[in-house]
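First up is the structure itself, then whatever we jot down about it.
Read-outs: derived from the displayed coordinates by stated rules, not from any lab. Values in this document were obtained by computation on a predicted structure and should not be read as measured data. Backbone-built Cβ (ideal geometry, glycine too); neighbour counts: all protein chains shown.
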Amino acid sequence: MDKTKLLFNIIAVPILIIVLTVYLTLTFTVPTVNSEVSFESMNINRINLVKVRLMWMIPVLCVAIIVSVVIAFVVEEWLSTNNLIRRIIEPQIIILSSIPSIVYGILAIYYLVFNPISSSYVSLAFIVILLVVPITTLSAQNAIRNIDISIRHAAYAVGATKTKVILDHVLPLSLLEILGGICHTISRTLAVAALCILVSILVESPISGQTIVNIVHNIGILLLLVLLFSIVSSFLRKNPNVMY
Amino acid sequence: MRNKIEIEDLKVHYGDIPALNGISLNVVENEILGIIGPAQSGKTTLLKVINRTLELTQGVTIEGSVRLDGIDVNSIGDVYGLRKRIGMVLPLPVGLPLSIYDNVAFAPRTSGLRNKAELDVIVERCLQQAALWDEVKDRLDSLGTKLSGGQQQRLTIARALSHQPEILCLDEFSIAVDPITTMRIEEVLKSLKNEMTILLVTNLVQQAKRLANRTAFMLNGDLVEIDDTEVIFSDNPTQQSTYDYINGNFG
């Protein structure tokens, strides 16, 4: 790969994604000048707004996970290592997946907690996508690569089509490891959600004692889920072939 | 007897590394062709070119022609259909992550056969031919990957026979199989010769001597010699290197 392409891969595409995110954020914002004024005039509880918006991100999370797995299969099974599209996509996935979750967390806090009215669902969806797609795709790719090539060859040798090989052998064998990666991603996303709610408490004032109890309860549940998904993830990734 | 496979000036490179250096040979219908030679001589590559599974390896270049029943295999659009005509047994046992029954029924199902009674007959026949039926007939629903290495290899043979191929390529099939079972499978191969053409790649020269009608000796990607097995294993093969290899002077 020459230096220009390398530079393009390393710098340009992530910048493009960020620029696109910012652009969409600005484009789809609700035209309010001062969010604090709006809160008071519209009598909106910031914490509830954050929670509602987080709930709306669940479908985005599900779609992002499905898309990630599909990307992984397309890249691994249909695009050869010399394919231009693969050579562009793969470095981006690796770069984006190496960005710590806290970066996305800060981005989410900025939009969700500090600018909950002026920010749009689209911008939040982009944050979720950036948080979910690279890691899920990368882990799914690794799971697919871990399938012994001889299994594919054995199936091809008896005349199986590519689709049949993928559906009958590659997918079942890699499924647990893929699920492990998905659990890992969900764990990270829930941790970011918990962080957003926590920060929203700190920002909101005054706040009643009962509300604090409810929020702490919510955060506790989220953190328990984070722990649970992490444990399941590490189990599945360490025992990818427990079914076979 | 007509030629089933005609190979002409076949050259294969893995990147820059040559694997086959322009070999030409014919395989006669319903014969067992033994292919012997030391490691890295291109035997497995030759088999993979015939059923076009070598295409699955990246960075491979193939030149020359391989004709099956007079048709260049590279011109065949339906590569999956081509592979169904050629059974392949790889050196190390590869049990598909399916039950024993499903392993054998996989190829017929791929061809569209869904009738349970017909599948039952095929599974039983193939497992018997592979000398595995008696050991697994009561646990056909068990995972194929849970069988021992030798049993998995016989399961691989059963799977290769399940779609009744015109050509059977055996690549070191007995490497993980005990001698007694090997002898039983060899007997089956002798009987199968009437139904299909068999290419037998083996490091066991005595196995080629027992089974093959003709034997080819390959060395470093070259076809050194191909002749009747009696000639190859006589004291006077055409090439000295053939004699030396068979008699253990090298290799």
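Between B:E8 and B:D141, residue separation times 0.36 nm minus the direct Cα-Cα distance comes to 43.4 nm. With a Förster radius of 25 Å applied to the beta-carbon distance between A:S150 and B:N115, the computed FRET efficiency rounds to 0.25.
Residue by residue along A:144-151, Cβ atoms of other protein chains within 10 Å of the local Cβ number 2 on average.
Per the Kirkwood treatment, what hydrodynamic radius in Å, one decimal, follows for chain B from the mean inverse distance over all distinct Cα pairs? The partial results should precede the final answer.
Values: mean 1/r = 0.0537 Å⁻¹.
After inverting the mean inverse Cα-Cα distance, the result is 18.6 Å.
Residue by residue, region B:55-69 carries 3J(HN,Hα) couplings of 4, 6, 8, 7, x, 9, 10, 10, 10, x, 10, 10, 10, 10, 6 Hz when phi is fed to the Karplus relation 6.51 cos²θ - 1.76 cosθ + 1.60 (θ = phi - 60°); x denotes Gly or Pro. Computed from the Cβ-Cβ distance with R0 of 30 Å, the FRET efficiency linking A:L79 to A:L228 stands at 0.30.
In the protein assembly as shown, what % of DSSP beta bridges are antiparallel (nearest 5)? The antiparallel fraction comes to roughly 60 percent. Looking at this model, which pairs from A:K164/B:K193; A:K238/B:K84; A:K164/B:K137; B:K116/B:K146 are more than 29 angstrom apart at the alpha-carbon? Going by Cα-Cα distance, A:K164/B:K193; A:K238/B:K84 fall outside the 29 Å limit. When only Cα pairs below 8 angstrom with a gap of at least 6 residues are kept, region A:128-244 shows a relative contact order of 35 percent. The ratio of the alpha-carbon radius of gyration of region A:45-237 to the globular-protein estimate 2.2 N^0.38 Å is 1.21.
Could you work out the relative contact order of chain B, using alpha carbon pairs under 8 angstrom and six or more residues apart, expressed as a whole percent? Walk me through the numbers on the way to the answer.
Values: 484 pairs, mean separation 67.5, N = 251.
After rounding, I find 27 percent.
Label separation (B:T238 vs A:W56): 8.0 nm, computed from points 7 Å beyond Cα along the C-beta direction.
Of all DSSP beta bridges located in chain B, what percent are antiparallel, nearest 5? Just about 60 percent of them are antiparallel. Go through B:N236, A:V103, B:V60 and say which Cα lies farthest out towards the positive end of the charge dipole of the protein assembly as shown; charges sit on Cβ, +1 for Lys and Arg, -1 for Asp and Glu. Of the listed residues, the answer is A:V103.
Measuring between their Cα centroids, region A:184-200 and region B:31-77 lie 55 Å from each other.
Sites listed here are trypsin sites (Lys or Arg not before Pro) in region B:1-56 whose DSSP assignment is loop and whose Cβ has at most 10 other Cβ atoms within 10 Å: B:R2. Distance from the C-alpha centroid of region B:145-177 to that of region B:85-142: 10 Å, rounded to the whole angstrom. In terms of its alpha-carbon gyration tensor, region B:35-98 comes out oblate; a/c meets the 1.5 threshold, while b/c is at least as large as a/b.
Efficiency by 1/(1 + (r/R0)^6): what FRET value for A:V103 and B:Q40, r their Cβ-Cβ distance, R0 = 56 Å, to the nearest 0.05?
Numbers: r = 50 Å, r/R0 = 0.90.
The value I calculate is 0.65.
Rounded to the nearest 20, the Cβ-based charge dipole of region A:45-237 about its Cα centre (Lys and Arg +1, Asp and Glu -1) stands at 140 debye. Here the spin labels are modelled as points 7 Å beyond Cα on the Cα-Cβ line, and at B:M183 and A:F114 they lie 8.3 nm apart.
Below 13 angstrom from the Cβ of B:R109, what's the summed charge of the other residues (Lys, Arg +1; Asp, Glu -1)? Surrounding charge for B:R109 is +1.
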